[in-house]
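Each remark here refers to the structure printed beneath this line.
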Amino acid sequence: MSIQPALIPSPSQPKTSCQHCSLPIPSDLLSKGEVFCCNGCQQVYGILQAAGLGDYYRIRSQAVSIRQPLSAPARTQSYTYLDDPAFTTPDFNCDGSKTLEFYIEGVHCAACVWLIEKLPELLPDVKSARLNLGNAMATITVPATGNFAPVAAAIEEFGYKPYAVKNHREAEAHRQRENQSLLMRIGVAAFSAGNLMILSVALYSGLEGGLARYFSWLALLLVLPALTYSAQPFYKAAWHRLKLREISIDVPIAFSLLVGLGAGIWQTLTQQETYYDSLAMLVFLLLLSRYALNRVQQRVAATHPLLSFFEHQVIQVWSDEQAQFYSLPVSRLQAGMRIQVQPGERLPADGEVVAGESAVDMSLLTGETYPQTVNVGSLVYAGTRNESGLLEIHVSACGEDTKMAGILRKTHSNLLNRTPIVALTDRLSRRFMIGVLLAATGIFLWQGLSHDALTRALALIIISCPCALALATPLVMNIAIKRAFARGFLIKNAASLEVLPKLKTLIFDKTGTLTEGRFQVLKSDELSSEARLAIVALESQAAHPVAQALVRHFASNTPLPEVTAFESLNTGGVQGRIDGQLWQIIPSQAQSEFQVSAQPLTQLEVYKNSQLQAQIWLGDRIRVDARETLGQLREKGYTLVLLSGDQREACEQVAEAVGIDRVYSRVTPEEKEQILKQFEAPAMIGDGVNDILALSAARLGISVQGGVEENLQTADVHLAEAGVAQIPALIEHAIKTGKLVKLCLSFSLFYNLISLTAAVMGWVTPLYAAILMPVSSLTIVTLAVLGGKKL
């Protein structure tokens with residue numbers, strides 16, 4: 001059903017404005033005679049008319065606007081190239097939405113993060129916006145039909161410059177240009193401050209007459225570059241914040257600099273003592289502290305998560321000049337190099353095998369249980385593990401260009417989603433800034449608008465920057481997640497680290513989690529070579545896991561005989577003729593006393609022309625570390641539960657072997673989801689894709705087997721090593737992270753308390769305040785980095 005909107009004439013509304021929201025209609029739509037700026041407005045307008053609520057527009061036109069909505073950016077057209085497939089190729093998500101990364105020039109504090117992440121509330125076409133302050137990278141997601149051009153234009157309206165980047169090398173190039181620009185401003189401010197200090201020596205020494213007036217005017221000329229060109233970032237940021245009716249540290253700084261310049265000009269005209277040197281030095285110190293903090297944050301955030309796998313690894317690289325291999329840190333590896341990978345090492349790059357043969361564990365990428373044989377010409381990938389032989393590989397891609405890095409970019413787009421504690425500290429930071437401004441205004445008025453009052457108020461504003469408070473939690477989370485990568489804990493987002501210490505119940509799947517998840521031949525009677533070949537030849541025709549286990553166990557280099565009349569039996573098993581003889585492999589009807597690790601077995605019998613040749617026992621081994629690991633968790637007070645779709649007998653025997661008292665067996669995936677709701681703060685620990693519903697329904701999902709890409713679509717944490725042995729270390733890592741966050745927040749609060757007191761009492765001047773302002777943030781960074789090394 002199509003709703004035709006009825007136009008409501010409004011003499012005050014321009015014809016180029018949307019009939020519903022009053023925002024300007026894009027030129028391409030206006031040329032078509034459209035009266036709405038988008039389909040959303042047209043639909044809402046039609047619904048209101050159909051519901052008899054057309055008076056909404058009349059009432060709205062008479063109402064007083066309390067907050068101006070975000071205008072449609074006037075420069076959208078300049079970013080239309082962002083939606084051209086020939087220029088940019090966004091990542092497409094499973095729900096059809098599109099994601100693109102931007103380098104945001106000009107961000108420098110927590111308020112910038114908050115503003116960028118408000119985009120979904122301000123622009124209807126933005127599904128999510130996440131900004132990493134450390135590397136200034138914003139991840140923007142829009143619907144399938146959405147466009148990135150208006151989003152980029154809105155970011156520019158905020159006072160920042162967005163650059164769409166295809167990889168982190170492009171972002172690094174933009175970052176270097178921004179750093180160079182900031183260094184230029186620092187250099188100009190230093191030039192002004194240095195020369196002004198020389199002039200001030202004469203002026204403060206009592207210079208009088210015409211020469212004093214000349215020096216005073218010369219000082220005004222020297223301070224102008226510092227207060228115009230160098231201080232431009234403060235003015236620009238403050239102006240855009242005020243347009244949005246927001247507040248940040250740049251607003252009072254810009255106001256103070258302009259007031260200082262105005263006062264200085266008045267003092268020059270009236271031949272009073274001026275303080276231009278203090279203003280120039282203040283700009284220099286503020287810019288210098290901002291640059292230092294930016295560089296520290298960039299260094300902390302610079303390491304790609306993939307490199308955490310190889311944090312301490314040094315790789316052997318071939319040198320043509322020396323005709324031998326030499327050691328090189330993985331971080332310096334480049335495409336085109338020839339590397340040597342020892343057995344047991346993870347491959348640090350994608351490439352092609354040029355020498356050697358080995359088995360490579362691909363489970364992290366593909367989820368395949370068994371290692372794959374590779375030899376000369378085989379393609380291999382970063383993140384996989386060399387299991388046996390020595391390999392020489394020609395590197396085709398390294399770092400962020402590898403297949404593994406591409407997977408991580410897709411599955412970790414919400415890596416730094418704001419956790420509850422991050423959101424709380426953000427709110428506290430904004431309220432803290434407002435409180436400081438009110439306090440500074442009160443001090444200035446209370447002390448009679450004097451020079452001393454202005455000095456104290458300005459010192460209070462400068463020294464009490466809330467950045468340390470807002471920086472502490474995301475910085476620690478960032479470092480903790482990278483350290484987790486290095487230990488093999490692939491964590492989807494920071495919220496998972498916050499949830500882990502709060503868990504009460506750990507619910508385990510059986511197959512593939514507590515057991516190895518694959519059938520193995522545990523025992524067999526003595527078999528002739530003829531029987532072994534017959535078993536492999538028959539079972540090679542079947543795809544059942546039991547057949548695969550038999551083929552793996554009895555495989556040899558001897559050519560297989562031809563099988564005719566092959567048949568899969570309804571009662572289980574297979575049969576076929578080999579050289580005219582009827583061979584059968586069928587389940588045994590007898591009960592065996594043979595047991596391994598309390599695990600129930602599958603018992604098979606091998607027949608030749610109805611004559612029993614041998615018996616074979618297969619089973620799914622319980623992981624050797626399962627009982628010890630679950631014992632550690634039980635001692636820490638966790639409630640342990642086994643939840644499986646397997647037979648009751650099998651579940652109970654495994655539970656008894658590993659020390660679990662509460663067992664749920666023969667449950668469907670839907671029933672698992674319902675059972676999870678019965679427990680307090682449960683974590684589901686399962687076999688990746690096989691437990692999708694349970695992993696997504698639990699408060700926290702942990703996958704212990706399978707490929708990282710598929711598992712992190714539903715689970716919150718993926719363990720690079722199969723099994724449950726890493727669970728205690730994972731929980732301990734999260735607990736230590738929480739303690740480090742509390743330590744950093746406590747220091748930040750303590751620093752602000754001391755600094756506020758010192759400023760109010762007049763113990764610090766604005767210049768000293770500019771020096772001390774970055775101390776808290778730099779100390780937070782130091783605490784986070786040093787503490788992160790112990791995680």
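Coordinate-derived values only; no laboratory data. It should be emphasised that the depicted structure is a prediction, and the values quoted were computed from it without experimental measurement. A quick note on method: Cβ atoms are made from the backbone with ideal geometry, for glycine too, and the neighbour counts reach across all protein chains shown.
Structure notes:
- Partners of LYS243 within straight-line reach, counting aspartates and glutamates whose Cα lies under 20 Å from its Cα and excluding those fewer than 8 residues away in the same chain: GLU105, GLU117, GLU121, GLU156, GLU157.
- One chain, two ends: ASP452 and THR373. Fully extended at 0.36 nm per residue, the span grows by 20.6 nm beyond their Cα-Cα distance.
- Cα-Cα separations in segment 609-652 greater than 16 Å, expressed as whole percent: 62 percent
- Partner lysines for LYS510 [C-alpha distance under 23 Å; skip if fewer than 8 residues away on the same chain]: LYS523, LYS636, LYS672, LYS677
- FRET efficiency for ALA335 and TRP217, using Cβ-Cβ distance with R0 set to 41 Å, rounded to 0.05: 0.10
- Among the listed pairs LYS504/LYS736; LYS482/LYS790; LYS482/LYS504; LYS127/LYS482; LYS118/LYS236, those beyond 21 Å (Cα-Cα): LYS482/LYS504; LYS127/LYS482
- With N the number of residues in segment 748-791, Rg(Cα) / (2.2 N^0.38 Å) evaluates to 1.39.
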